[in-house]
Amino acid sequence: MGLLYYKICMGLYAAERSWQSDIENKTLTKMLSFGAPSTTINASTAVTSRVSPTTYSHLPFTVSPLSDSQRSSNFCFQQLLSCSSRFNCYRNKATAEAAETMAGTIASASGSKQALISLSDKKDLDLLATGLQELGYTIVSTGGTASALEKAGISVRKVEELTKFPEMLDGRVKTLHPNVHGGILARRDQNHHMEALDKHNISTFELVVVNLYPFYEKVTSTNGVTFDDGIENIDIGGPTMIRAAAKNHKDVLVVVDTQDYPLVLQFLKANKDDQQFRRKLAWKAFQHVASYDSAVSEWLWKQTEEDKFPPTFTIPLSLKSSLRYGENPHQKAAFYTDSSLSEFNGGGIATAVQHHGKEMSYNNYLDADAAWNCVCEFEKPTCVVVKHTNPCGVASRDDLIEAYRLAVKADPVSAFGGIVAFNKEVDEALARDIREFRSPTDGETRMFYEIVVAPSYSQKGLEILRGKSKTLRILEAKKNKTGKLSLRQVGGGWLAQDSDDLTPEEIKFDVVSKKVPETSELSDAKFAWLCVKHVKSNAIVIAKDNCMLGMGSGQPNRLESLRIALRKARDEVKGAALASDAFFPFAWKDAVEEACESGIGVIAEPGGSIRDGDAIDCCNKYDVSLVFTGVRHFRH
């Protein structure tokens, strides 16, 4: 404190010399004396006060040595305030301001705690600021945040007073200053850091509370955003302060989330050195900035290139829930939502609202996603039933209740314990049928489902479904946006591809057989083709009259998948359409011939095999229509 006291005296002396020429009443110079009795400063006193014995020799007034009791921050602060009040007698306003600045510096360096607050989202700001003031913090703030604090009646020091520099460049430069970042980054356990602060009259910050310009909200606005406006909403000073405070978290507490305010106030009141708490907030700060930067990077790439696959990119994920377990009970698991700009209003299961039932499990998410993606492909009222991510029943009808019953009928054994998805609202009548419908296998067993998912529910429909089971998960989801990037993890890397969004209307069903399919047969082929793209390869779907009759999935060879589908379709296979996710490598005494012999009316496949001629000849022999789509639908 002796050094600080000396700095006060030196500051006053410099001020006195600059004012003497303007002072008419020479007796005013006597006010510079502190009124303390004159004394000689010996070496021991100098050591105690951190000032050499000769330091004071050039002062035009005498200075008392400080006793142990006077060497407190309060004594020095009061002496300076006393002098500052005397300076108000002078006409030179700048000098009075200089005295006030020294008062703030000494107060901070002598034990007063400082918090730097700069917020875009000012939620609960008054709660935080009031709590900090009660704990003795001096609040330093910027622009709009400072104005909000003043309106709330909270004492605040504007950052310009600290930097002695106004905001400039339309607010681009406010806090990028050594008086700010020196006070954040200085390590308290390093003497040379603290000496540097003393030398430059920089005070420390114990708390930094910052959140950033709403860049994400701006560039995803429904009104759109110009390139220049997007650029102006990239925060620079905020991330810099956050990173600085997070790096020096041992000494500076950093807060980026309004939800953490109560915990932070509680932590400060406890006055404990909990480094784990500080590290957690620092992690959160760096993650906050990383997510922010990923949005900026994603947006800029889209403004620069049309290529969907940048050389590098980051996916910001946010924890939505911890799951009971993964695919199996011995595997721990969690569910994250994707905060990428490309997923904004993108729909899908990740953003679905759960109205009822047990918490979602890892497998529930996978199955619900498969069911929802499939049912959203259809324009007509449609029901899809999924088991282990494969659609085992699909039907489209004007009457959604009929569609539901037909979808279950396609494979009632698999449907039991499955996921049921609808692409239209579930009303009271449909909800009642879902609740009471008996299995087609015996007409007695009430059907049980893990999940029902739909775009909406009537109030009564939702009430009825809730009565079916306490565990039934009822989800309300938005349709998936097309054009997304599809990602899949492999060991040590990720695969990225366009999502498979092609619809029957976007491709040509090229007839290559002698027999031309009837309009109804071609419609059935398109329906089967739309279903088969959601079945695991090797995949075969048999359908008729907009209803799946049977499917075979996941077999190592296409012939076995065909046989499974035929077995499920039973005698309804006559005149039905068959769709294959890929071409048939063989025809004679293989899948194509067996399909023709079973009574299939039309086959839809991509084509492209060196033995396509055999498939055509085989279909011509059995008078079966064959269409090539030119599009493969592998799903692994």
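The values are calculated or read from the model by the stated rules, or taken from the named source; none is laboratory data. All figures in this text were calculated on a predicted structure; none of them were measured in a lab. In case anyone asks, the SASA skips ligands and DNA or RNA and just uses the protein heavy atoms, side chains included. Shrake-Rupley method; radii C 1.70, N 1.55, O 1.52, S 1.80 Å.
Any chance you could check the Cα centroid distance between region 131-151 and region 528-568 for me, in angstrom?
About 66 Å separates the Cα centre of region 131-151 from the one of region 528-568.
Over region 257-328, what portion of Cα pair distances is larger than 16 Å, expressed as a whole percent?
Roughly 67 percent, once rounded to a whole number.
Which of the aspartates and glutamates could be linked to K113 by a straight reach, that is with a Cα gap under 19 Å, when you skip same-chain ones fewer than 8 residues away?
Answer for K113, where 19 Å is the Cα cut-off: E100, D126, E134, E160, E161, D189, E195, D198, E206, D251, D273, D274, listed by chain and number.
Determine the shape class of region 484-594: with a ≥ b ≥ c the square roots of the Cα gyration tensor eigenvalues, call it rounded for a/c under 1.5, and otherwise prolate if a/b is greater than b/c, oblate otherwise.
prolate
Just to check I understand the Karplus step: with θ = phi - 60° and J = 6.51 cos²θ - 1.76 cosθ + 1.60, what whole-Hz values come out for region 580-593, glycine and proline as x?
Along region 580-593, the couplings run 10, 6, 9, 5, 8, x, 9, 10, 5, 6, 9, 4, 5, 5 Hz.
Below 23 Å, Cα to Cα, which lysines can K302 reach? Residues fewer than 8 away in the same chain don't count.
K218, K481, K484
When only alpha-carbon atoms count, how far does region 201-271 stretch along each of its three principal axes, as whole angstroms with the largest first?
Answer, in whole Å and largest first: 47, 32, 18 Å.
Which of the lysines could a cross-linker bridge to K332, judged by Cα under 20 Å and excluding same-chain residues fewer than eight apart?
The reachable lysines, counting only those whose Cα sits under 20 Å from K332, are K320, K358.
In terms of modelled amide H atoms, which long-range or inter-chain residues lie less than 5 Å from the amide H of V426?
Residues meeting the criterion, in which the H sits 1.01 Å from N, are S456, Y457, S458.
In whole percent, and with a 1.4 Å probe on the protein chains, what portion of the accessible area of region 300-366 is carbon and sulfur?
51 percent
Considering the convex hull of the alpha carbon atoms of region 319-368, report its projected area averaged over all viewing directions, in nm², one decimal.
Directional mean of the projected Cα hull area for region 319-368 stands at 3.9 nm².
I'd like the accessible area for C392: 1.4 Å probe, protein heavy atoms, all chains in place, Å² to the nearest 10.
About 10 Å², ignoring ligands and nucleic acids.
With every protein chain kept in place and ligands, DNA and RNA left out, what is the accessible area per residue of region 365-499? Probe 1.4 Å, answer in Å².
About 46 Å² of surface per residue is accessible.
Amide H neighbours of K113 under 5 Å, at least 5 residues apart or on other chains, H built in the peptide plane: list them.
Placed amide hydrogens put T138 under 5 Å from K113.
As a test question: what accessible area, to the nearest 10 Å², does L319 have when a 1.4 Å probe is rolled over all protein chains in place?
Around 100 Å² of this residue is reachable by solvent.
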